[in-house]
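For reference, the structure discussed in these notes is given below.
The values are calculated or read from the model by the stated rules, or taken from the named source; none is laboratory data. Everything quoted here is computed from the prediction, not taken from an experiment. When we count neighbours, we look across all protein chains shown, and the Cβ atoms used for this are built from the backbone with ideal geometry, even at glycine. To get the accessible areas, we keep the full protein, side chains included, count just its heavy atoms, and leave off ligands, DNA and RNA. Shrake-Rupley method; radii C 1.70, N 1.55, O 1.52, S 1.80 Å.
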Amino acid sequence: MRLDYQLSEASLGDLATALAPLLRQSEHALENPRHGDFPRWKAILDQLPTVTPQAKLNRASVLLGAPPTDQNALKTLLMGLHPWRKGPLELGGIKIDTEWHSDWKWGRLEKHIGDLQGQRILDIGCGNGYFGWRMLGAGAKLVIGIDPTLLFVMQYFACRHFAGSALANVVLPLGIEDLPAGLSGFDSVFSMGVFYHRRSPIEHLQRLRKLTRPGGRVVLETLVIEGDMDQVLMPANRYARMRNVWFLPSSAALCNWMQRAGFSSVECVDETTTTTAEQRSTAWMTFESLAESLQANDQSQTIEGYPAPRRAILVANN
Ligand SMILES: C[S@@+](CC[C@H](N)C(=O)[O-])C[C@H]1O[C@@H](n2cnc3c(N)ncnc32)[C@H](O)[C@@H]1O
């Protein structure tokens, strides 16, 4: 399989000049991968059966590709790309029960993000691109996802194999820091599950704003705590066993931060405590999950004694 990114001029529009070097840079990174498992993942992609491309994107379990005859062989190949975290997905007839019910997050946000018809969207920290398929299903013209975790990029290529390369959802092996300083002009920019990993949260917000066209929308989804505008938690070390967690503000504090970063019409549209039904170990993600990060006798606390994960969705205009 060629790990390339072919997007039409029509879908790129006036972003073509800015995005073309990023697409080539991403292809180059995949030709010179820095990960010991990469040859194994690539061999899996190369063995995927040829099927009729198909895409049913407007459903909880994104369905891509017609089923090949040998379902057992395909299941074994796809299991080789374990752990599958974002979904659910149905690839070539194989139902992938992912760690996350990402469809539940989509359900919480879709009614608040406006009409995506014809939009060009940037999804920062997009994982395997699940939400990109949902955005295309909601009418987006182009979704540029970026994620530096190579396994998730390889899972994307497995999805694209079944979807066909005509669909304008890509996952580039890049972090937000790899985007050129002058890049701008997206109709909507999504940052979901990334903010609490940033050391400099206000800089992240300013970056999101710069990436968005004037009048465009930013959707920010992140961990929050309950409390008023003055409340913010910085864990001493790990949070719910996660390393590299920095700021968990209250949603009121986060609204203030977004306003101070220059956004207008900032609104917190959802706040939900994450349950062990939404994030859990499955046959396709056999490692420990949320349940093991909470206290056995008190699900309202993480094993470190912090409030259990609660996530907010904020929408704002540039
Ligand atoms: C908690 S997951 C969220 C995935 C998805 N957006 C969601 O909401 O379900 C965070 C993702 O951010 C990615 N990530 C880590 N560092 C990043 C960076 N510097 N820039 C962009 N994405 C990053 C990780 O690889 C991971 O896939």
For a quick check of your reading of the model, give me the residue pairs whose first member lies in region 182-194 and is in a loop (DSSP other than H, G, I, E, B) and within 15 Å of the ligand (Cβ to nearest atom), whose second is among the hydroxyl-bearing types (Ser, Thr, Tyr) and open to solvent by less than 10 Å² (accessible area, probe 1.4 Å), with beta-carbon atoms closer than 9 Å and at least 6 apart or on different chains.
Gly193/Thr222; Val194/Thr222
Over region 228-279, the set of residues free of Cβ contacts under 8 Å to residues at least 60 places away in the same chain, within 20 Å of the chain's Cα centre (by Cα) and part of a loop (DSSP other than H, G, I, E, B) is Arg243, Asn244, Val245, Trp246, Phe247, Thr274, Thr275, Thr276
Residues to consider are Arg108, Arg134; find the one that is part of a helix (DSSP H, G or I), within 16 Å of the ligand (Cβ to nearest atom), crowded, with 19+ Cβ neighbours inside 10 Å and modelled with pLDDT of 95 or more.
Arg134
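Can you tell me which of Arg24, Arg59 is open to solvent by 40 Å² or more (accessible area, probe 1.4 Å), more than 16 Å from the ligand (Cβ to nearest atom), assigned to a helix (DSSP H, G or I) and not β-branched (Val, Ile, Thr)? Step through it out loud before you land on a result.
Values: Arg59 fails: assigned to a helix (DSSP H, G or I).
None of the other options fit; the residue is Arg24.
I'm checking my understanding of the structure. Among residues of region 196-210 that are more than 10 Å from the ligand (Cβ to nearest atom) and over 27 Å from Ser11 (Cα atoms), which one is least open to solvent (accessible area, probe 1.4 Å)?
Filtering region 196-210 down to residues more than 10 Å from the ligand (Cβ to nearest atom) leaves 199-203, 205-210.
Applying the additional criterion that residues be over 27 Å from Ser11 (Cα atoms) yields 199-203.
On the way: Arg199: 165, Ser200: 51, Pro201: 13, Ile202: 68, Glu203: 123 Å².
In this case the residue turns out to be Pro201.
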Test for Ala168: is it more than 21 Å from Ile44 (Cα to Cα) and either open to solvent by 10 Å² or more (accessible area, probe 1.4 Å) or more than 12 Å from the ligand (Cβ to nearest atom) (or both):
yes
Hey, does region 258-265 have a residue that's touching a Ser or Thr at 6+ places or on another chain (Cβ under 6 Å) and surrounded by 14 or more Cβ atoms within 10 Å (Cβ to Cβ)?
no
Determine, yes or no, whether Gly139 is part of a loop (DSSP other than H, G, I, E, B), modelled with pLDDT under 95, within 29 Å of Thr272 (Cβ to Cβ) and open to solvent by 10 Å² or more (accessible area, probe 1.4 Å).
no
